[in-house]
Amino acid sequence: MNKINYYHSLIFFNLCILLSAFDYLRENTMILFSLFLILSIGITHGSLDHIKGAKLFKILKVKNYELFFVGYILTGLIVIFFWLLFPKTLLFLFLVVASYHFGKEDSDFLNLKKINYSEILFFLKGLVILASPLLFHKIETLNIFETINFAIPTYLLSNNILILLILLSLLSNIIISKNQNLENKSLLIMDFFSILILNIFLKPLLAFTLYFCLLHSIRHSFSLIYEIDKRFVIGLKNFLKKALPLTLITAALYLISILYLSNNFGIDASVNKVIFIGLASLTFPHILLEYLIEKNEK
């Protein structure tokens with residue numbers, strides 16, 4: 001499995017270098033392409049949460065499995081409700097949680113049981129995903145935040161602060177890789193510079209989409225495939241069969257929301273709202289489920 005992750009990161013790193021050379025990609029937001037990737041690959045990596053929910057209920061010895069779907073959907077709806085009431089507070093919380101989530105899940109394949117302050121390191125590791133678009137494409141990134149009713153505090157917009165956050169992210173990768181083999185060390189560094197390359201040369205939404213779908217989501221899907229069956233091809237077939245129903249339902253809800261919002265906000269603003277608010281409403285219950293499983297398994 002580590003070999004697969006290594007070659008995945010190596011391919012993604014070279015892909016980022018290749019994509020950065022195309023002027024068309026550097027000058028266009030590719031918003032519909034980004035939406036397609038998120039609705040296909042991006043949301044697929046969480047589409048087995050109902051199976052994980054069954055696992056959690058089995059651990060907790062809860063027989064009424066329908067309660068999982070009620071709780072999961074209700075958590076997502078609560079996130080959307082609070083976003084409408086307190087968009088700045090909730091988005092700030094989402095960015096903090098997302099930074100930790102990206103840093104942790106992108107490192108889950110490593111054996112980090114004995115590492116000190118792992119939660120802080122995971123949070124710092126994920127900061128590059130949030131800080132680099134603000135450093136290299138500040139105006140475009142702020143415009144996206146404006147469409148979802150959020151304003152970044154002025155002191156965080158300083159280039160010196162943003163560079164410091166990126167350097168802290170690099171430092172966390174170095175610390176995390178301290179006791180790892182050469183392949184894992186290389187993997188972590190490649191991932192870090194892949195994200196930087198994307199955000200230096202591409203527009204913020206496209207850069208985030210390529211990272212989220214082609215690195216983060218695919219890596220998490222690899223781990224799910226491996227859990228289903230250690231024979232990769234068989235595991236992949238079963239994964240796709242199990243993931244397809246919830247993926248299609250979620251994609252349909254995204255598209256319906258975009259069509260509804262586009263009447264008042266236009267297509268670009270509607271896609272931004274649905275992508276980021278939608279991801280927040282999926283990320284919170286997803287992270288909560290992962291935390292509850294990890295805690296109760298221990």
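Each value in this text was obtained by applying a stated rule to the coordinates, not by laboratory testing. Bear in mind the structure is a predicted one, so any value in this text is a computation, not a measurement. No Cβ is skipped: glycine too gets one built from the backbone with ideal geometry, and neighbour counts run over all protein chains shown.
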Exercise. Can you list the lysines whose alpha carbon is less than 17 Å from that of Lys138, not counting same-chain residues fewer than 8 positions off?
Worked result: Lys203
Exercise. Sorted by packing (mean other beta-carbon atoms within 10 Å per residue), highest first, where do 211-218, 145-152 land?
Worked result: 211-218, 145-152
Problem set entry | Cross-link pairs beyond the 22 Å C-alpha cut-off, checked among Lys185/Lys241; Lys55/Lys185; Lys3/Lys230 | Lys185/Lys241; Lys55/Lys185
Exercise. Which whole-Hz couplings ³J(HN,Hα) result when phi for each residue of the range 179-192 is put into the Karplus expression 6.51 cos²θ - 1.76 cosθ + 1.60, θ = phi - 60°, listed in order with x for Gly and Pro?
Worked result: 9, 9, 6, 4, 4, 5, 4, 4, 4, 4, 5, 4, 4, 4
Exercise. Any idea what the alpha-carbon Rg over 2.2 N^0.38 Å comes to for the chain?
Worked result: 0.98
For this session: List, in the order given, every pair from Lys52/Lys125; Lys104/Lys295; Lys88/Lys273 whose Cα-Cα distance in the structure shown is over 18 Å.
Result: Lys52/Lys125
For this session: Give me the orientation-averaged projected area of the Cα convex hull of the range 63-152, in nm², one decimal.
Result: 8.4 nm²
Exercise. Length gain on complete extension for the stretch Phe36 to Ala54, per 0.36 nm per residue less the alpha carbon to alpha carbon distance?
Worked result: 3.6 nm
Seminar exercise, completed: Distance in nm between Asn179 and Ser223 label points, each 7 Å along Cα→Cβ, equals 1.9 nm
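Using the reciprocal of the averaged 1/r over all distinct C-alpha pairs, how large is the Kirkwood radius of the range 59-100 in Å?
Working: mean 1/r = 0.0835 Å⁻¹.
Here the Kirkwood hydrodynamic radius works out to 12.0 Å.
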Exercise. Each residue of the range 196-205 in order: what ³J(HN,Hα) in whole Hz does its phi give by Karplus 6.51 cos²θ - 1.76 cosθ + 1.60, θ = phi - 60°, with x for Gly and Pro?
Worked result: 4, 4, 4, 7, 6, 9, 10, 5, x, 5
Seminar exercise, completed: With 0.36 nm assigned to each residue of separation and the Cα-Cα distance removed, Leu253 to Phe82 gains 59.7 nm
Problem set entry | Cα Rg over Rh - the range 122-243, Kirkwood | 1.06
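May I ask you to give the average projected area over all directions of the convex hull of the Cα atoms of the range 185-248, in nm² rounded to one decimal?
Taking the Cα atoms of the range 185-248, their convex hull projects to 5.5 nm² on average.
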Exercise. Remind me, what semi-axes does the range 248-287 give for its equivalent ellipsoid, largest first in whole Å, using sqrt of 5 times each Cα gyration tensor eigenvalue?
Worked result: 19, 12, 6
Exercise. Along its principal axes, what span do the Cα atoms of the range 11-60 show, with the longest given first and each in whole Å?
Worked result: 53, 24, 11
